[in-house]
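A short write-up of the structure that comes next.
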Amino acid sequence: MDTSTLITAFVTLFVIIEPVSIAPLFATMTRGMAPARRRSIGLRACVVAAAILTAFGLLGQQLLTFVGISIPAFRISGGLLLFLTALDMLFERRTPRR
């Protein structure tokens, strides 16, 4: 495998998983737990996430084909969702969070 392909795959996974923003959330949710329990929860979360990413990486194309969604249509719909989210953020139409 080419080095540039590996770097691209790593950067893509890093952006998808976003460990920098998840770490404070994990620390807050597991506050007050024993270290062994926190480690167990973290390991279970990593295994489940790896299984889901692997399943969709291997079977995602077949799933989309089965449902009748083409890759270009999927890309367009994802771009539209990102555009609408950015538009909401630009005009501050988002509802306040609790």
ask   = Taking the Cα-to-Cβ direction at ILE7 and at PHE66 and moving 7 Å from each Cα, how far apart do the two end points lie in nm?
value = 3.7 nm
Of (1) 11, 25, 35, 25, 5; (2) 17, 56, 25, 1; (3) 15, 45, 31, 7, 2, 0, the label for P(r) over Cα pairs in 10 Å bins from 0, in percent derived from the coordinates = (1)
request  = At 18 Å minimum axial length over the Cα atoms and a Kyte-Doolittle cut of 1.6, report the qualifying DSSP H helices in the chain, or say none.
outcome  = 3-17
remark   = With only helices counted (DSSP H, runs n ≥ 4, each -39500 (n - 2.57)), the per-residue ellipticity at 222 nm for the chain, to the nearest 500, works out to -27500 deg cm²/dmol
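Each reported figure results from applying straightforward, stated rules to the coordinates on display, with no laboratory input. This structure is a prediction, so every number in the text was calculated from the model and none was measured. In this analysis, Cβ positions are derived from the backbone assuming ideal geometry, glycine residues included, and neighbour counts consider all displayed protein chains.
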